[in-house]
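Each value in this text was obtained by applying a stated rule to the coordinates, not by laboratory testing. The structure presented is a predicted model; accordingly, all values stated were derived computationally and were not measured. Neighbour counts run over all protein chains shown; Cβ positions are idealised from the backbone, glycine included.
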Amino acid sequence: MQSVNRHKKLWLLSGVGMALTAALPGQDTDLYEREVRPLIEANCLGCHNQKIRMSGLSLATRSDAIAGGKRGVVITPGKPGESRILQVLRHDDPVKMPPGRALPAADIAKVERWISQGAPWPDQPVRAAPKPNHWSFKPPRRPSLPAVENATWVQSPIDRFILARLEKEKVAPSEEAPKTTLIRRAYLDLTGLPPSPAEVRAFLADDKPGAWERVVDRLLESPHYGERWGRRWLDYARYADSDAGSRDEPRQIWRYRDWVINALNSDMPFDRFVLEQLAGDLLPNPTNDQLIATGFHRNSMIQIEAGTDREQYRVEAVFDRVDTTGTVFLGLSVGCARCHDHKFDPISHREYYQLFAFFNTADEWGNDRPRYDARIHNLHQVHAPLLELAPPAEIKRRDGLVERYYKLGEEIDRIKEENNGKKDDPRIKEIEEEIKKLIKQIPRFESSMIMREWEPRRETNIFLGGDFLSKGDRVDPGTPSFLNPFPAGAGATRLDLARWIVDPANPLLARVTVNRIWQDYFGRGLVETENDFGTQGSPPTHPELLDWLAVELVESGWSQKAIHRLIATSAAYRQSSKVRDDLKESDPGNYLLARQSRLRLDAEIVRDAALTASGLLTARIGGPSVYPPQPDAAMQASQVKKSWKASTGPDRYRRGMYTFFWRVTPNPALVVFDAPNTMTTCTRRTRSNTPLQALALLNEVAFHEFAQGFAARLLAETPEGGEQRIRRAFELSVSREPNAPETARLRELLAAEIDALRTHPEEATKLNGPAPPHGVDAVDLAAWTTLSRVLFNTDEFITRE
Amino acid sequence: MTLEDRFSLAETRRHFFHKCGLGLGRVALGSLLARSLPAASSNPMAPRKPHFEPKAKSVIYLFMAGGPSHLDMFVHKPVLDKLSGQKPPDSFMKGKRFAFMERMARQKMLGSPWKYAQHGQSGAWISELLPHIAANADDIAIINTMRAVNFNHAPAKIFSHTGSVIAGRPSMGAWITYGLGSESENLPGFVTLQSGPRGPRNGPLIWGSGFLPSAYQGVPFLPGAEPVFNLASQPGVTPARQDRARNAIRDLNEMRFAATGDDEIATRIASYETAFRMQTSGPELMNLAGESKDTLEMYGAEPGKNSFANNCLLARRLIERGVRCVQVYHTDWDHHTNLKTSLPQRCGEVDRPSAALVRDLKQRGLLNQTLVIWGGEFGRTPISDGDAGAAIGRNHHIDAYSTWLAGGGIKGGQVIGETDDIGFSPVQDVVEVHDLHATMLHLLGLNHTKLTYRFQGRDFRLTDVHGKVVRQLLA
């Protein structure tokens, strides 16, 4: 996976044009114009231009080129034998350019000929930045729906785009997936929970037209839709319940998580959804909800270490906010411009810091008020502004107590100073006693971390090379000039930035958003590089479809549910995911979408599926994060030992998204199935397939409990046992009936288990844990627990097909 | 994962099946594979070819967390000894920043209380605290001019592992397994071991995979028979029962594979086979009872104990089994005070096992393919810290500290780098952390500028935009 190929791409950029104004007299610049300049533009100028000057060398003008770089002169006009550039181009030199593969010999011969002619080159180039012509920088327009031959296949406007392309390539779409597969797919995709057998049966029985659309509509109205898609948004928001850093302090920000769920469930217009998260605090008279929404950018890590430079970490958090904003709302890698102009996209170093300026004015509690830190740390463990959910009078009373607390601390310092640093003074003892009592009186309120501006506004300077200690020019807030105009002036705020981002004139927001939704329905976005819509990103496989959906999102009043509905009701989405031999050669990556894909469930949903099947799920939405059982050793690795007291009662069986997420020691079952690490924004999860996943499903205490619960449920619900019960087990776990070989295989397992357990009933006792309920045979329960474990460990169980 | 990644992964997978005959080939998958050869794989640990012929196949990094005092182990400074107790000359202090600045203003020069002697053909100076390592002097290359960029433990540790002071980048072990995969079928490719009173600061962040897929993060092995989470079966799940479950899972997965044709299922079947083998190989690995008495004695290892000695021996056992990268942490080197009592204790704990590891690898013919690195996140000041007398210690120091390397492609029997008379600043041959990383990757056959991963639009490297291979280290 080393990106050897990528380097080729890296050097194949142009984007820097040179208009020539005058030729040197007596020189034939034709060879240069026709042959050499295009080579330099295509292969060299990306790095060897006047701004970047990789290795000190610029090839932007003749004088630059002749001057050479850090490694000396590379071109000696008239003397190809002394011009090192030729060796470099031939890869006969320790330096090999372009990296990767050498240019064709014919091209190098042109350069040689040109040098031997004295390297004629008009030396007054005008470096005109071209108007970026990249597809994603132009506003999307709604294309007309393409004509298709097989119009009966079409279920949603989307299908015309997919089918037109397939017909062009002479590939037939796949048949519709079996109804049992379809309904499990829709439930998992839209709500993150598998359907109940009754829901499956109802769908199978519904042969009236519109049955599928009715399922989709019902699921879009389910409160679990907000959980499923909210969790995805939380990936982008790098949501976690702790700070990171060596102390990894816990934080209270779950109300932001719940705000996301609620906003999605109510289908809050997406532009509003974005605006409130970026700048809810700057709206006139913000509501508590609007303040909580700003938790989006409070999710940055806080890495406060003894003796470190706080400013560095404050700046890092601001970097994170700029980069996350670029990735999530613009699909641009703006972070590349942190140290220098973006090499590929038209974002300058200065513009990066203009974006930085919007976030640089935020209040960072710990950073701005060092006086408070060490002591308030012990009191509140708070390093960020909070929305405290308590009556103002109560807050005022608490502030008085805290003020008293500080005064006492200062008093101790004063006495110590009097005594030359010695602590053994009876007055100190007395004060410490009072502090102890005082701390007990200080009330702690429910709260949520929020964004807030800091007065006076911090000025922003460019950091040269991205180094916060090397300050360059001062800059005002602003946005990259190649995108839609930014009307607000020098005093612009985050709210102005948010308004600019959600302006329908912004060519990126809607495209990036619909693309990510698409990605979760098909396993890949229409633009594969979902976080890079810039010139280095991959082009869309279906550009017109992408634009059509983007326009649709805006014109539907920014309704995300409308987009979900369009996709989920399409024939493209409903196709079978079966691998087709005829596509293995022509489209092994399934870019044409002639079939669906099997996708392993997200980490949280692996848990949710087992909870649902076993009937143990506590379906409550929202609230403080919870602590399901996990391996004892999971918290061992942290520097500051944290306890993990497993929740009992209903909270033990909450959905995976509510598990308390310690950034340093996250729940192993989440990590092993590729939950994001929350250090930076994650817009696409990896789907690995590892032995540690097998061990988690086979042996983890939580999954063992689910298997026990599943067995108990099966025994209770199918007293007739035998094949009926196997059938029920399949319906509950994978939403379909078993076929004959599957049933036979499980019967065989069951028989062997019962045999073994009858011989060793003590094993049944161990397997069952607590004594089985009255009337339940321990051996039966234990045997079905094994069968349950087997089903939970099948690939199908943790896959949406 | 980008398109290129996917293509190269598919390529790797083909290589994995066709050329290597590894992995699934040995698993009971014959019939499946005959039907359909997986074209792409999500097995992130499939072995991959390096960029060029490697010198080393695996790495063992013995990490002394807290900042070991190089001035009392590897750097002999008679002038410093002479100046001991005097105020430090202004020329050394001007413009320098330290951790705990305010304290430093009161401090004095501190010579080493321990005797030094020259060892081996190379005549390397090593103090009496490390007699076993000294006996290996001709196998190791000592760098006395390592330089770090941040003088606080947490960022310095993150830096020494990821090349950045900010948490969230992949650790070197993650980069290595991302680049090379692993040759172990039964164990994770990147393993960490720990001894000492507490875990190293920042714990999992320093062996994390950052933006690389999480499969590349280090797997901490815990002491005892269950080194990995969930390795032991739940109560009542006997080996026979687990075996019955395993067969049923495999059979159901095979049926589904036949129905869907999805290669992921083939990979999952292989993952389960590996997992089941791990349930046996894990405890077998951890059980040192099978080691000879001589070997145990050489390391000072005692079966059943959690010690650095046991972990060094485990490190050898891990790389013998194909594990690519092992990080062995020993903590509690942060001697601001009590240097005179604490440092000999730490040295006593690590000297014999560290040397034994090199010797043992050599005896087994493994040293030439295993890179061993020994060092911490920074060193300590030639100026004292703490109160005078027994409690005296040294502060953090990043301008020059020591690290040694041995094995896989390293030219042993040499000392690299010189510092000034009191061991404060380097005089020549500075080796940055990025240079150490570049050299380590080079020995593994990886070009540090080409081992990249695209994240947020940028091709990231372990060495960021820095790093050069330290040619002097190479054999």
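Work the Kirkwood hydrodynamic radius out for segment A:563-633: mean of 1/r over every pair of different alpha-carbon atoms, inverted, in Å. Walk me through the intermediate numbers first.
Details: mean 1/r = 0.0625 Å⁻¹.
Roughly 16.0 Å, rounded to one decimal.
Helix B:308-320 and the longest principal axis of the C-alpha atoms of chain B enclose an angle of approximately 40°.
Available extension along the chain between A:Lys138 and A:Ala393 is 86.5 nm, counting 0.36 nm per residue and deducting the alpha carbon span.
In deg cm²/dmol and to the nearest 500, what is the mean residue ellipticity at 222 nm of chain B if only DSSP H runs of at least 4 residues count, each as -39500 (n - 2.57), divided by the residue total?
Working: 14 runs with 159 residues, N = 475.
One gets -10000 deg cm²/dmol as the mean residue ellipticity at 222 nm.
Counting, for every residue in B:273-280, the Cβ atoms of other protein chains within 10 Å of its Cβ and taking the mean gives 4.
As an exercise, use a Förster radius of 41 Å and the Cβ-Cβ distance of A:Ser470 and B:Gln428 to find the FRET efficiency, rounded to the nearest 0.05. Using R0 = 41 Å, I get an efficiency of 0.90. Using only Cα atoms and rounding to the nearest 10 degrees, what angle (0 to 90) does helix B:3-15 make with the longest principal axis of chain B? In chain B, helix B:3-15 runs at an angle near 70 degrees to the longest axis.
Calculated from DSSP H runs of 4 or more alone, at -39500 (n - 2.57) each and per residue, what is the 222 nm mean residue ellipticity of chain A, nearest 500? Spell out each step's value before the answer.
On the way: 32 runs with 362 residues, N = 801.
Calculated from helices alone, the mean residue ellipticity at 222 nm is -14000 deg cm²/dmol.
Here the label points at B:Lys49 and A:Asp581, each 7 Å from Cα along the C-beta direction, are separated by 3.1 nm in the simple model.
Tell me the relative contact order for chain B as a rounded percent, counting alpha carbon contacts under 8 Å between residues six or more apart. Spell out each step's value before the answer.
Values: 998 pairs, mean separation 128.6, N = 475.
With pairs under 8 Å counted, the relative contact order is 27 percent.
Straight-line cross-link partners of B:Lys115 among the lysines, defined as a Cα under 22 Å from its Cα and at least 8 positions apart when in the same chain: B:Lys77, B:Lys82, B:Lys340.
Here the extension length gained between A:Glu33 and A:Thr76 equals 13.6 nm, from 0.36 nm per residue of separation less the Cα-Cα distance.
Dividing the mean sequence gap of close Cα pairs (under 8 Å, 6+ apart) by how many residues chain A holds gives a relative contact order of 15 percent. Charged side chains reduced to their Cβ positions (Lys and Arg at +1, Asp and Glu at -1) give segment A:222-331 a dipole of some 220 debye around its Cα centre. Each label was represented as a point 7 Å from its Cα along the Cα-to-Cβ direction; for A:Asn262 and A:Asp363 these points are 2.2 nm apart.
Can you give me the span-like helices of chain A, meaning DSSP H runs with 15 Å or more of Cα extent along the axis and Kyte-Doolittle mean at or above 0.0? Intermediate results must be reported in sequence, preceding the final value.
On the way: long enough: A:105-116 (16 Å, 0.13); A:157-168 (17 Å, -0.03); A:179-191 (17 Å, -0.16); A:211-221 (16 Å, -0.24); A:223-236 (20 Å, -1.91); A:254-265 (17 Å, -0.69); A:310-325 (23 Å, -1.03); A:349-359 (16 Å, -0.30); A:392-418 (39 Å, -1.32); A:426-441 (23 Å, -1.09); A:509-522 (20 Å, -0.08); A:543-555 (18 Å, 0.68); A:603-614 (17 Å, 0.56); A:701-717 (24 Å, 0.62); A:722-734 (18 Å, -0.62); A:740-759 (29 Å, -0.09); A:778-792 (21 Å, 1.13).
The qualifying helices are A:105-116, A:543-555, A:603-614, A:701-717, A:778-792.
For A:Lys645, which aspartates and glutamates qualify as cross-link partners when the Cα separation must be under 12 Å and same-chain residues fewer than eight apart are set aside? Result set, ordered by chain and number: A:Asp632. In chain B, the longest principal axis of the Cα atoms and the axis of helix B:239-260 are about 60 degrees apart.
Stretching A:Ile412 away from A:Ser196 to a fully extended chain increases their span by 71.3 nm, per 0.36 nm per residue minus the current alpha-carbon distance.
Among A:Trp548, A:Trp135, A:Trp259, the order by Cβ neighbours within 10 angstrom, fewest to most, reads A:Trp135, A:Trp548, A:Trp259.
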